[in-house]
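One structure is given here, and the rest of the page talks about it.
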Amino acid sequence: MKRDVDIVIISDVHLGTYGCHAKELLNYLNSIKPKKLILNGDIIDIWQFKKRYWPKSHMKILKKIIDLASKKTKVYYISGNHDEMLRKFIPQKMGNLIFKNSLILNLGDKKIWIFHGDIYDFTMKTTKWLAMLGGHGYDLLILINITINKILKKLGRDKVSFSKKIKNSVKKAVKFIGDFENTIAEMAINEKIDIVACGHIHQPIIKKIETKNGNVIYMNSGDWIENLTSIEFHKGVFYIYKYDEKEFESQNEDFELNVFKYEDFKIEV
C-alpha cells in the first residue's frame, strides 16, 4: 500500500556513480504517492559521467520520476553543483516536470525556501577544481566502502561508513558543516524565510537555528549514498525519513511500510 505524502524532498542521489543506492531509492519511490516531489540537486552526477557507468537501476529512477510527473505528482528538479549543466537551460517546464535553481513554497502562513546550497559553499565559489578533485576522492572512498560492507554483511556484522567517520572526526569537516548551516540560516533570515531546505553536505537534519537577527528552521535532506534519507511533509509535520532495507526485504502484497522517522528531527508547521 502506497503512503500519501504531501511533499517529498530528495537530494544528492548521484546517479552515474558507484555509490548511488538506486535500487533502494526505487523501492522508496514505489512506496509513496507524493503530491509534490522536489529533487533538490545532484540527482545526476555529471561530474563523474565520463566513467560511462549507467546501470539499468539508474535508468529506472529517471523512468520513475517521469512516471510520477506524467500522473498527478508535480516534480521540481532543482539544480546542484554536480548537475549544474542544467542551469544553462533553466527555467524550463515540461508538463508537471519543472526545472528551477530554487523554489519558494507557501505552507499556510509559513514560507519555505528550497535550494541545493552549493552557491553558498566557499570551496565551490573559489576553488572549483579542488571541489571536483574531492568529489573523485569521495567516490573512490565510497567504492571501497561498498566492498568492505559486502564482506561485513557476509560475516553477519553491521555496515560501517568511512566518510561519516572522517567527517565526524576531522575538526575542519565539522567546522565546515557548522559554517554552511549558519550561512544558510543567515541568508534565510535576511530574506524573511521561515523554513529553509538544502542538500549538498549530505547531513540529514531538521533543527532551529537562532542568530542575533532572528531564527529559522534549517533542514537538510541528506543523500542516497550513505544516509538514504529524505524529508517528508504530511499533515503539517516535517520529518526525516530513513530507509530501512529490512522493511522492504519482507515486503509482500499485504505489506504496509512502517515509516522510520528520526523522531528528534521533526517539526510541526
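Laboratory data are not the source of any read-out in this text; all were calculated from the coordinates shown. Quantities reported herein were computed from a predicted structural model and do not represent experimental measurements. Cβ atoms come from the backbone with ideal geometry, glycine included; neighbour counts cover every protein chain shown.
Using only alpha carbons, the range 180-231 has a radius of gyration to Kirkwood radius ratio (Rg to Rh) of 1.01.
With a cut-off of at most 11 other beta carbons within 10 Å, and DSSP calling the residue loop, which trypsin sites (Lys or Arg not before Pro) in the range 44-87 qualify? Please list them. All intermediate terms of the calculation are to be shown ahead of the outcome.
Values: sites: 50, 51, 52, 56, 60, 63, 64, 71, 72, 74, 87; in loops: 52, 71, 72.
In loop regions of the range 44-87 (DSSP not H, G, I, E or B), the sparsely surrounded trypsin sites (Lys or Arg not before Pro) are 52, 71, 72.
Across the range 214-225, computed HN-Hα scalar couplings (Karplus, 6.51 cos²θ - 1.76 cosθ + 1.60, θ = phi - 60°) run x, 9, 8, 8, 9, 10, 9, 7, x, 6, 10, 10 Hz from first to last residue, x flagging Gly and Pro.
The amide H of residue 222, built 1.01 Å from its N in the peptide plane, has 202, 203, 205 as neighbours under 5 Å, considering only residues 5 or more places off or on other chains.
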